[in-house]
Amino acid sequence: MERWNGRVALVTGASVGIGAAIARALVQHGMKVVGCARTVEKIEKLAAECRSAGYSGILVPYKCDLSSEEDILSMFSAIKTLHQGVDVCINNAGLAQAEPLLSGKTSGWRTMIDVNILALSICTREAYQSMKERNVDDGHIININSMSGHRVVPSGDVHFYSATKYAVTALTEGLRQELREANTHIRATCISPGLVETEFAFRLYNNNPEKAAGTYESIKCLKADDIASAVMYVLSAPPHVQIGDIQMRPVEQVS
């Protein structure tokens, strides 16, 4: 991780869960991390924790609504002004809404597309352009995918979400191919976790906290730090090694 010391990383959805764990780990390894979310109070608290822990990097909170392209573009513009640009882009923000295919609300489907697919694609494009204009040839774009991007579970609540994650699988491989075509050494990776104990299920089942809690009580789940460790592994791979996808599940998870 030495070569990333002092470099700039963007982590989307950095206020809680996996995003917060990744942001903390990168700051610990000396990176300048721009952590964005719709509300930044929790990122500000995390930044203060990183400072008092004496980590060598810094965490810069940035308020951004990822469902708005305008917000994303102004964030990249601010990063350019303040920090030159992005060297590592971690597309972590994502959400599921319980909207089945036969009865779900279009608005819920649209929200999932806006954040899980479009925001990820816009951030990827802008991060690449930022690297290209500064002749950065060793950057990295990491998409936090899901096991739901590789198999469909028999639960209507997550079928549309699963479709958005299948899109992330295709987008990551498409990105890898376009980077080859561009003759750059910028790398593309996705990380596909199974059940991770975060706020994810509580947002999915926001009207049924008992059901959400039950999701995580049935087995020993992955922790957000396990995903952050996978990100560190990916970033510390030698420059000639491209890790395409890391699929990781709790040992006790069946599907």
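The values are calculated or read from the model by the stated rules, or taken from the named source; none is laboratory data. Because the structure is predicted, anything quoted here is derived from the model rather than measured. When we count neighbours, we look across all protein chains shown, and the Cβ atoms used for this are built from the backbone with ideal geometry, even at glycine. All accessible areas refer to the heavy atoms of the entire protein, side chains included, with ligands and DNA or RNA removed. Shrake-Rupley method; radii C 1.70, N 1.55, O 1.52, S 1.80 Å.
Key figures for this structure:
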| read-out | value |
| --- | --- |
| Subset tally (residues that are farther than 23 Å from S229 by Cβ, open to solvent by 70 Å² or more (accessible area, probe 1.4 Å) and out of contact with any helix residue (DSSP H, G or I) (no Cβ under 6 Å at 6 or more places or on another chain)) for the range 159-197 | 7 |
| Residue selected from the range 84-137 under the condition in a helix (DSSP H, G or I) and without any contact (Cβ under 8 Å) to a residue 40 or more places away in the chain, by the criterion nearest to S67 (Cα to Cα) | R110 |
| Residues being open to solvent by less than 60 Å² (accessible area, probe 1.4 Å) and not in a loop (DSSP other than H, G, I, E, B) - total across the range 227-253 | 10 |
| Which listed residue, of V27, V60, V33, V11, is within 30 Å of S107 (Cβ to Cβ) and hydrophobic (A, V, I, L, M, F, W, C) | V11 |
| Flag for V34 being under 15 Å from the mean Cα position of the chain (by Cα) and either modelled with pLDDT of 95 or more or part of a strand (DSSP E or B) (or both) | yes |
| Given (1) more than 30 Å from V152 (Cβ to Cβ); (2) open to solvent by less than 40 Å² (accessible area, probe 1.4 Å); (3) in contact with a Leu (Cβ under 8 Å, 6 or more places away or on another chain); (4) in contact (Cβ under 8 Å) with a residue 40 or more places away in the chain, index of the condition V11 fails | (1) |
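Residue-by-condition table, conditions (1) open to solvent by 10 Å² or more (accessible area, probe 1.4 Å); (2) farther than 24 Å from F202 by Cβ; (3) in a helix (DSSP H, G or I):
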site	(1), (2), (3)
G6	yes, yes, no
A23	no, no, yes
V60	yes, yes, no
L66	yes, no, no
D71	yes, yes, yes
I79	no, yes, yes
L82	yes, yes, yes
